[in-house]
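Here's the structure, in structure tokens; my notes come after.
The values are calculated or read from the model by the stated rules, or taken from the named source; none is laboratory data. Quantities reported herein were computed from a predicted structural model and do not represent experimental measurements. Counting neighbours? That spans all protein chains shown, and the Cβs are built from the backbone with ideal geometry, glycine included. Note: accessible area is taken over every heavy atom of the protein model, side chains too, but ligands, DNA and RNA are not part of it. Shrake-Rupley method; radii C 1.70, N 1.55, O 1.52, S 1.80 Å.
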Amino acid sequence: MDQMFVNIKAALVGLSDKVFPDWVGVLVSIAVSIVAIALLGPLIMMYLTLIERKVVARMQNRIGPNRVGKYGLLQPLADGVKMLIKEDIVPRNADKVLHLLAPILIVAPALLVFAVLPFGRNMTAVDLNVGILFFAAISSIGTIGIFMAAWGSNNKFSVLGGMRSVAQMISYEIPMVMSVVPVLLAVGSLSTNAIVEAQADWHWFVFTPWGFLGCVIFFLCGVAECNRSPFDLAEAESEIIAGFHTEYSGMKFALFYMAEFMSAFTISGMTTTLFLGGWQGPLLPSWLWFFLKTYGLIFIMLWFRATLPRLRVDQLMALAWKFLLPLSLVNIVATCIWHFLSDEAFFTPAAFLVPLALLVFSYWGLMKLNQPYMPEKRVYPLVD
Amino acid sequence: MPQLEFLIKCGVYGLMGLGIIAAVGAVLLPNLFHAGLALAFVLVTIAGIFMSVGAEFLGMVQILLYVGGVMTLIIYTIMLTGRLGAKDVRAQNRQGIFAAIAAGFFVCWIGPLILKTGAWPQRESDSAPPLLSVEDLGMSLMTEYVFPFEVLGVLLFAVLIGAIVIARQDRPS
Amino acid sequence: MIIPLEHVLLFSLILFAIGMVGVLTRRNAIGILISIELLLNAVNVNLVCFSRVSEDPMAGQMFAFFVIALAAAAAAVGLAIVVAIYRTRNTVQTDEIQLLKW
Amino acid sequence: MTTVESLSHFAPEIVLLVGAVGVLFSDLVFRDKRLIGYSALGVIVVSLILIKALSVSEPLSLFGDFFLLDKLTQLFRVAALAIVGIAILLSLVYSPLSKLYMGEYYALLLFSAFGLILMSAATNLLMIFLAIEFVSLISYVLVGFLKADKFSKEASLKYLLFGSVCSAFMLYGMSLLYGLTGTLKVTEMSTALASAQQPSLVLTALVMIFAGLGFKISMAPFHMWAPDVYEGAPTPVTAFLTVGPKALGFVVLIRVLSGAFTPFFDNWTPLILVLSMITMTVGNVIALSQTNIKRLIAYSSIAQAGYILMGIATFTDLGIQAVLVYAVVYAFTNLGLFVVVVATSEKVGSDEIKDYAGLARRSPLLAGSMLVFFLSLAGIPPLAGFIGKYLVFAAVIKEGYYVLAVVAALNSVVAAAYYFKVIKTVYLQPPRDEDALPCPWPLRIALGITLAGTILLGVMPNDLIEFVQSILPLS
């Protein structure tokens, strides 16, 4: 059961080996991985839309989609058909080429990142030895797609949204990468597989003080990276319509949606891989563990959306630069202390408490330093 | 497997061809925004070439720093200094022919020299040269190359201050 | 090396030459900066490929790494200056920025 | 030497860096912005004292191979700090600099001093490139530091575009060298290059490296940026640029040529001969028609680079000594000229030569020093400039490059012509108004140092020459 998908792939490759020369087998093995990922991405996205609508509806005391299919299970298909047959509108003054390329360029990196996600034991499509770097590099390409969409639409609101979104993405990328550094220090490798292997036997990094903090920072920055609520300033309906995808409709619009949901999934998957032990876990098959943890995190994202109000621009930037970045730098120091005190063992009291004290102290200090300016309560003597 | 090697070879040559086409675009396209995107494409193809010669780390750094960082800066500046839909500005000055001659001369001068030189300090070909892993690079950055690395840090700090001072808009006090 | 060293060198040479054309013909300062990035990338291709056949492979890759970092720094300074000029002069065309002569 | 052991010899530079950051943050503390300048001066002085205290006799290579501390480095480490120190003195007086960003300004000046020191000590292509870019990038910013001034911004853009292209060419050359030799260490290259089958490719690499270094030393045909940049930049920065990067550029050139290219001596000598003649002629001839004093000095400094290149062209021990002596002497003289320019423009408000009319009556001190500096640049004994010129000519004639010597001599005559034109304006034309020109104490100190250098080195050059002789041969 654990190796179900691996075995299916091996069978396919074996089948081709019987018929074709051996070099075709390599190609088949590559093709199988590519097809699997290319199908998985859209599938995940389609059902994430349904899950989001259902969960948010429940949180708001509604039922959510329930007409198409049992419990609304076919709703995503209906949505897909609707998107496909909608009219594709291109503004007259738009830059046609950019307008067309932008959604593709946004979806492609979101899908490419799937290649290094370890979905289960032996289930990483490409086990790059620079996996984490690949993840950081590829997700940074997305900003260019957003620029293209914003500029190509030739619409003020789009450009405003695009500028906001890019400023946000490059700001949050820094604490995000910094919060990964402790994991790399602890594991000594950039490969995603090696990171998961290092967390065997319940040695999940989230159980260490630095791991917990890193996990929180990484996840928050990730939520900001994929422009999700409460960091969805770039597409704030009430201020700038829909930001960089104001001028899109039909399938192109669906592609933006797809990119957003797929990156929500990859962020959750990466958090799982880096801090929550990846596919490690007892009893259940490894890939099931991975999906359970990932969907748990996605549930938290939906919870954010249903509860938290949107941030203001200055609050957004202040959070990244004045709070998360310093904290993630302290976190690196804390990891070094943990590493030298713990002496190869996963848990020793000293190695646990000293970094914890450091982190709590710096959290407290940063909170003090970042205290928001509260105007004095105004008194109107003549009112009463 | 020679067939696979052939495929990879085709891929690398294809990357080079695309890179050169995109580079021409980056230099000649009248719309600067398009030129910037063409440059981004060149950078990605070069990252691909780095990967194909075994410099995975550099390939990734190239994408992360260049495509993610420098290109964002460039495009931001284009958006700050251009106007939406401004297309009627001449992009090239009148030195086109002169420049083409200069570049052609440059290629004709160095190209044959490169082709004639067989004596790059090639290692013995019987043992494949060891690929540098990320660990090797990281270790030497922290040991052998630690001094230039620290100097680079100082440099980036100083340049950051300078760039902010230059670009900052003074508020009337 | 999968393909002969000379071919990669020719590729980088052509890239460099294209960058040269850009530097000489672009009117817009940002256009020139874009061309300069092409020049630097051509150099990097050279360095990385030489490092595959060299006695000291680390040196080439390190050099390329430093070139990338410094190119980023140079781009930051350059674009800061361009933005500052645009503020005072409302243009970034190099042939319109000609107060200083002889 | 390992990294930790090296740190003790690196103390002056560490003081410089810590001081730079301190100066940056002192902006937050000091109300009186002049105090920032004083503290920057203090950093320079402490660093100089440490250099004196820590001087070593035999060459050390610190941090692996990245910082060679030999006598050449010792000399130019002091020179770099002195140059930046005088630039700081000038900045204390120069009023167009906005009072807003003085912390950043002085910090950047100190950082660029660090960059200059790195340039003097670099023997590895990676370090050479890093150090040159260090100085260049900071100079681009410093040139554009006058926030509201269009000329300053334009100069900065030109400097940046030119500089980046030239360093890209230099990098291409370096990459070819790396490919041909398989190493980045300049000292190890000559053996590999001597056996190179393709000398023309080596020479190509050399020419391209020349493009980058030629930019730094404003050698023709890479000099086009110099007049515009020198005119547009804030005057203290101009003073720094005309001597700092230029002198250190020559040091790097000597290191590269003596390390890597000695086997190809016969090939590159004619090239430098020709370039040197072109450089001095272009500089001097165009300088004749200048009306702006900063531009005039700019062209004159291009011509001076041509004279210094004469020494490089011979590349005998005598030639290299001549280059080093000339570079030091030139630094004193040119900085001195800029002291006068700053003092005058503060009161007069312009850099046009016609506004210098009657300077002798308004301030005999400034006019007198200007006379001394111009005479020194023209090579009149017993001033320091004479020693430099004498050594260079001696080296050239000894090697039998008579054409070069004749061209240089003719050039000196042309140079004397425009120097005396300025001096004539200063001494013989009546002033527009008779107000005395003040000379505040920072300028007096700077003037004292440069005058002392110009005169003392001329009268008793032996100490400097002996020190320079002890530098050779380069390890």
Going through (1) outside any helix (DSSP H, G or I); (2) open to solvent by 10 Å² or more (accessible area, probe 1.4 Å); (3) in contact (Cβ under 8 Å) with a residue 60 or more places away in the chain one by one, D:ALA220 fails only at (2)
Those residues of the stretch A:98-108 which are among the hydrophobic types (A, V, I, L, M, F, W, C), under 25 Å from the mean Cα position of the chain (by Cα) and open to solvent by less than 70 Å² (accessible area, probe 1.4 Å) amount to A:ALA102, A:LEU105, A:ILE106, A:VAL107, A:ALA108
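Give the residue, chosen from A:LEU111, A:LEU84, that is of a type outside the set (Asp, Glu), surrounded by 19 or more Cβ atoms within 10 Å (Cβ to Cβ), within 20 Å of A:MET251 (Cα to Cα) and in contact (Cβ under 8 Å) with a residue 40 or more places away in the chain.
Values: A:LEU84 fails: surrounded by 19 or more Cβ atoms within 10 Å (Cβ to Cβ).
It is A:LEU111.
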Please verify whether A:ASP95 is open to solvent by 30 Å² or more (accessible area, probe 1.4 Å), in contact (Cβ under 8 Å) with a residue 12 or more places away in the chain and acidic (Asp, Glu), treating the condition exactly as stated. no
So A:ASP343 passes all but one of these: (1) at positive phi; (2) touching a residue at least 60 places away in the same chain (Cβ under 8 Å). Which condition number does it fail? (2)
Scan of the stretch D:343-365 for residues that are within 23 Å of the chain's Cα centre (by Cα) and either free of Cβ contacts under 8 Å to residues at least 24 places away in the same chain or surrounded by 23 or more Cβ atoms within 10 Å (Cβ to Cβ) (or both), ordered by number: D:ALA343, D:THR344
Checked the stretch A:123-140 for anything open to solvent by 30 Å² or more (accessible area, probe 1.4 Å) and more than 8 Å from chain B (Cβ to nearest Cβ); matches are A:MET123, A:ALA125, A:VAL126, A:ASP127, A:SER139
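Quick check: anything in the stretch B:8-31 out of contact with any Gly (no Cβ under 6 Å at 6 or more places or on another chain), within 10 Å of chain A (Cβ to nearest Cβ) and in contact (Cβ under 8 Å) with a residue 24 or more places away in the chain? Give the derivation first.
Our first condition is that a residue be out of contact with any Gly (no Cβ under 6 Å at 6 or more places or on another chain); within the stretch B:8-31, this holds for B:8-14, B:16-26, B:28-31.
Within this subset, residues satisfying the condition of being within 10 Å of chain A (Cβ to nearest Cβ) are B:31.
Within this subset, residues satisfying the condition of being in contact (Cβ under 8 Å) with a residue 24 or more places away in the chain are B:31.
The answer is yes; a qualifying residue exists.
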When you look at D:TYR401, is it touching a helix residue (DSSP H, G or I) at 6+ places or on another chain (Cβ under 8 Å), open to solvent by 20 Å² or more (accessible area, probe 1.4 Å) and either over 27 Å from D:LEU92 (Cβ atoms) or not basic (Lys, Arg) (or both), yes or no? yes
Residue identified as of a type outside the set (Phe, Trp, Tyr) and at pLDDT 85 or above among D:VAL348, D:VAL342: D:VAL342
Are any of the residues in the stretch C:3-26 within 7 Å of chain B (Cβ to nearest Cβ), more than 24 Å from B:TYR13 (Cβ to Cβ), open to solvent by 10 Å² or more (accessible area, probe 1.4 Å) and of a type in the set (S, T, N, Q)? no
Could you please let me know if C:VAL77 is more than 24 Å from D:VAL135 (Cα to Cα) and within 7 Å of chain B (Cβ to nearest Cβ)? no
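For (1) farther than 20 Å from A:ILE217 by Cα; (2) touching a helix residue (DSSP H, G or I) at 6+ places or on another chain (Cβ under 7 Å); (3) open to solvent by less than 80 Å² (accessible area, probe 1.4 Å), each residue gets a yes or a no:
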site	(1), (2), (3)
A:VAL330	no, yes, yes
A:ALA345	yes, no, yes
A:THR348	yes, yes, yes
A:LEU356	no, yes, yes
A:VAL360	no, no, no
A:LYS368	no, no, no
A:GLN371	no, no, no
Which one of D:LEU180, D:LEU241 is under 30 Å from C:ASP56 (Cα atoms) and either in contact with a helix residue (DSSP H, G or I) (Cβ under 8 Å, 6 or more places away or on another chain) or free of Cβ contacts under 8 Å to residues at least 40 places away in the same chain (or both)? D:LEU180
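Residue-wise test of (1) within 12 Å of chain B (Cβ to nearest Cβ); (2) open to solvent by 20 Å² or more (accessible area, probe 1.4 Å); (3) closer than 22 Å to B:GLY138 by Cβ.
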{"position": "A:GLY142", "(1), (2), (3)": "yes, no, no"}
{"position": "A:TYR172", "(1), (2), (3)": "no, no, no"}
{"position": "A:VAL206", "(1), (2), (3)": "no, yes, no"}
{"position": "A:PRO209", "(1), (2), (3)": "no, no, no"}
{"position": "A:GLU247", "(1), (2), (3)": "no, yes, no"}
Checking D:ILE471 against (1) modelled with pLDDT of 85 or more; (2) within 25 Å of the chain's Cα centre (by Cα); (3) open to solvent by less than 40 Å² (accessible area, probe 1.4 Å): exactly one of these is not met. Which one? (1)
Residues being at the interface with chain C (Cβ under 9 Å from one of its Cβ atoms) and either over 23 Å from the mean Cα position of the chain (by Cα) or open to solvent by 30 Å² or more (accessible area, probe 1.4 Å) (or both) - total across the stretch D:153-173: 3
From the set of residues in the stretch D:286-339 that are under 27 Å from D:LEU359 (Cβ atoms), β-branched (Val, Ile, Thr) and in contact (Cβ under 8 Å) with a residue 60 or more places away in the chain, which is surrounded by the most Cβ atoms within 10 Å (Cβ to Cβ)? D:VAL339
Suppose we filter A:MET367, A:MET301 for residues that are in contact with a Lys or Arg (Cβ under 7 Å, 6 or more places away or on another chain) and part of a helix (DSSP H, G or I); which single one remains? A:MET301
Restricting the search to the stretch C:46-58, which residues are touching a Leu at 6+ places or on another chain (Cβ under 7 Å) and more than 7 Å from chain D (Cβ to nearest Cβ)? C:VAL48, C:CYS49, C:VAL53, C:PRO57, C:MET58
Residues in the stretch A:220-237: is at least one open to solvent by 40 Å² or more (accessible area, probe 1.4 Å) and closer than 30 Å to A:VAL97 by Cα? yes
When the residues of the stretch D:22-75 are filtered to those that are open to solvent by less than 10 Å² (accessible area, probe 1.4 Å) and among the small types (Gly, Ala, Ser), which remaining residue is modelled with the lowest pLDDT? D:GLY37
Restricting the stretch D:174-194 to residues that are in a helix (DSSP H, G or I) and of a type in the set (Gly, Ala, Ser), which is farthest from the other protein chains (Cβ to nearest Cβ)? D:SER190
Test C:ILE85 against the stated conditions and say whether it is open to solvent by less than 10 Å² (accessible area, probe 1.4 Å) and at the interface with another protein chain (Cβ under 7 Å from one of its Cβ atoms). yes
Picking from D:ALA298, D:ALA303, which residue would you name as being among the small types (Gly, Ala, Ser), touching an Asp or Glu at 6+ places or on another chain (Cβ under 9 Å) and assigned to a helix (DSSP H, G or I)? D:ALA298
Within the stretch A:264-288, work out how many residues are buried (at least 24 other Cβ atoms within 10 Å of the Cβ) and within 19 Å of A:ASP127 (Cβ to Cβ). 9
